[in-house]
Amino acid sequence: MIDKDRLWQSHMEMAKIGATPRGGVCRLALSDEDKVSRDLFVKWAEEAGCTISIDTVGNIFARRAGSDADAAPVVTGSHLDTQPLGGRFDGAYGVLAGLEVVRALNDAGTTTKAPIDIVVWTDEEGCRFTTKTMGSAAFAKIIDEDAVLNGVDPDGLRFADELERIGYAGTMPLGSLAMKAYFETHIEQGPILEDEGIPVGAVVGAQGQRCFEVTVTGEEGHAGTLPMNARKDSYLGAAKMAVALNGVAFKHEPHPVITVGHVRVRPNSRNTIPGETVFTIDSRHPDDDTLSRVKDDMIRACEEIAADMGLGLEMKPTSHSPAVTFDAACVDAVRTAARDLQIPCRDMFSGAGHDACKVAGLTPTGMIFVPCKDGISHNELEDATPDDLAAGTAVLLHAVTAAANA
Ligand SMILES: [Zn+2]
């Protein structure tokens, strides 16, 4: 049985580490706060009888032994790092739900056949060392270990040095752990579950994502003297492109999501016509073929505007993650657990990327979503209810136990 109050108290304790004035959390990867949160997790896991292993990029595995010493573990977890102005539940929930599963099994005196590992993935957020889901991607050998270890933050500090400094440079070789299955619980980070009053989502997959950095080149000029028809205004071109990209999103059904989230204007002076504008595009869709057509449409739309206005244009792809389909048996295990527990549950896609998306290529993987207030995440105001967190964790306990005994 899940202990709702214990689960909530653990969240509130963890949220004190890096707490921000507006009720959020700042725990950047490999910072002092990350170290303190890892130490607290390790202490709790050891108190719950787990054995700790740490791999070479700092991913932590806390094992509750099973009756079959040779069996590969069922793994569950998420991350403890946050955005600079993050919330109390993004990531921490997946870790603490895993801990609650172990504590509940201890309470019941139950031994599963396969071991259960709680994992804390290093640097999921990617806001300090620039690559998202770094620890799980390195574990899955999607990104190179040396590239991770030699990554530098904006202050020039090396990932490997920072990992060493906080005491989490482990010796376990990357990816040497075979898993029987992987389950991750996470807040939805969107509004669907809350809007529909459903406490649990069985995540069937995650959207594909294509990102670009777009450079629009025009010509600087005097804001007072250059007539309107003689201008090559790079920002005006970029603005028209942003509107056109929005139009591309509405052309496809179901709609992809397209975001222009970062804009840099040069020289960024109030009385000079902008000579160069750089902006980012983040586009996502659950279907790779559609996302590929969206990409073609986005390129065409920007090219037409640039040609029409006599502007230079470069569209550099900066990342591409294919859509992920989670393992049918794992998704079904989540649905079955919810049905057996009489907890309402619906199938859904993940709009965000998660560690589970990286692990999905290695081992059968499933995810469980719970609602978050107003769908708000990556925000200090991020919130969730003790009841919903407990419902998701009860489903996790059920699914993990079933997989470990199968
Ligand atoms: Zn997260």
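Some observations on this one:
- All positions within the range 68-89 that are within 16 Å of the ligand (Cβ to nearest atom) and open to solvent by less than 10 Å² (accessible area, probe 1.4 Å): T76, G77, S78, H79, L80, D81, T82, G86, G87, F89
- Residues satisfying the stated conditions in the range 56-67, i.e. more than 23 Å from V36 (Cβ to Cβ) and either assigned to a loop (DSSP other than H, G, I, E, B) or within 16 Å of the ligand (Cβ to nearest atom) (or both): A65, G66, S67
- Candidate set from the range 239-277 (those that are crowded, with 20+ Cβ neighbours inside 10 Å and under 22 Å from the mean Cα position of the chain (by Cα)); member that is farthest from T217 (Cα to Cα): P256
- Listed by first and then second residue, the pairs linking a residue in the range 247-259 that is hydrophobic (A, V, I, L, M, F, W, C) to a residue that is surrounded by fewer than 15 Cβ atoms within 10 Å (Cβ to Cβ), with Cβ atoms under 8 Å apart and 6 or more places separating them unless they lie on different chains, are A249/H255; A249/V257; I258/N246.
- Selection status of A402, within 28 Å of P256 (Cβ to Cβ) and either at pLDDT below 95 or surrounded by fewer than 24 Cβ atoms within 10 Å (Cβ to Cβ) (or both): no
- Residues of the range 95-144 that are in contact with a helix residue (DSSP H, G or I) (Cβ under 8 Å, 6 or more places away or on another chain), within 16 Å of the ligand (Cβ to nearest atom) and open to solvent by 20 Å² or more (accessible area, probe 1.4 Å): T131 alone.
- Test result for G201, more than 16 Å from the ligand (Cβ to nearest atom) and open to solvent by less than 50 Å² (accessible area, probe 1.4 Å): no
- Taking residues in the range 365-388 that are within 22 Å of V331 (Cα to Cα), and partners anywhere that are more than 15 Å from the ligand (Cβ to nearest atom) and charged (D, E, K, R), the pairs with Cβ atoms closer than 6 Å and at least 6 places apart or on different chains are T365/D327; V370/D388; P371/E194; P371/D388.
- Among (1) closer than 26 Å to H320 by Cβ; (2) within 16 Å of the ligand (Cβ to nearest atom), the one test that F183 misses: (1)
- Entirely in the range 326-405, the helices (runs of 4 or more DSSP H) that have 1 or more residues that are of a type in the set (K, R): 328-340, 355-359
- Failed item, numbered, when V359 is tested on (1) buried (at least 22 other Cβ atoms within 10 Å of the Cβ); (2) touching a His at 6+ places or on another chain (Cβ under 7 Å); (3) closer than 30 Å to T393 by Cβ: (2)
- Search result, residues across the range 20-60 that are among the small types (G, A, S) and either more than 22 Å from D153 (Cα to Cα) or surrounded by fewer than 14 Cβ atoms within 10 Å (Cβ to Cβ) (or both): G23, G24, A45, A48, G49, S53
- Any hit, the range 248-258, residues being in a strand (DSSP E or B) and either of a type outside the set (D, E, K, R) or in contact with a helix residue (DSSP H, G or I) (Cβ under 8 Å, 6 or more places away or on another chain) (or both): yes
- Scanning the range 278-310 for residues that are crowded, with 16+ Cβ neighbours inside 10 Å, small (G, A, S) and under 20 Å from Y235 (Cβ atoms) gives A301, A306.
- Among (1) touching a strand residue (DSSP E or B) at 6+ places or on another chain (Cβ under 9 Å); (2) at pLDDT below 95, the one test that P115 misses: (2)
- Flag for D355 being away from the ligand (no atom under 16 Å from the Cβ) and of a type outside the set (K, R): no
The values are calculated or read from the model by the stated rules, or taken from the named source; none is laboratory data. Bear in mind the structure is a predicted one, so any value in this text is a computation, not a measurement. Here the Cβ is made from the backbone with ideal geometry for all residues, glycine too, and neighbour counts use every protein chain on show. Calculation scope for accessible area: heavy atoms of the full protein, side chains included, ligands and nucleic acids excluded. Shrake-Rupley method; radii C 1.70, N 1.55, O 1.52, S 1.80 Å.
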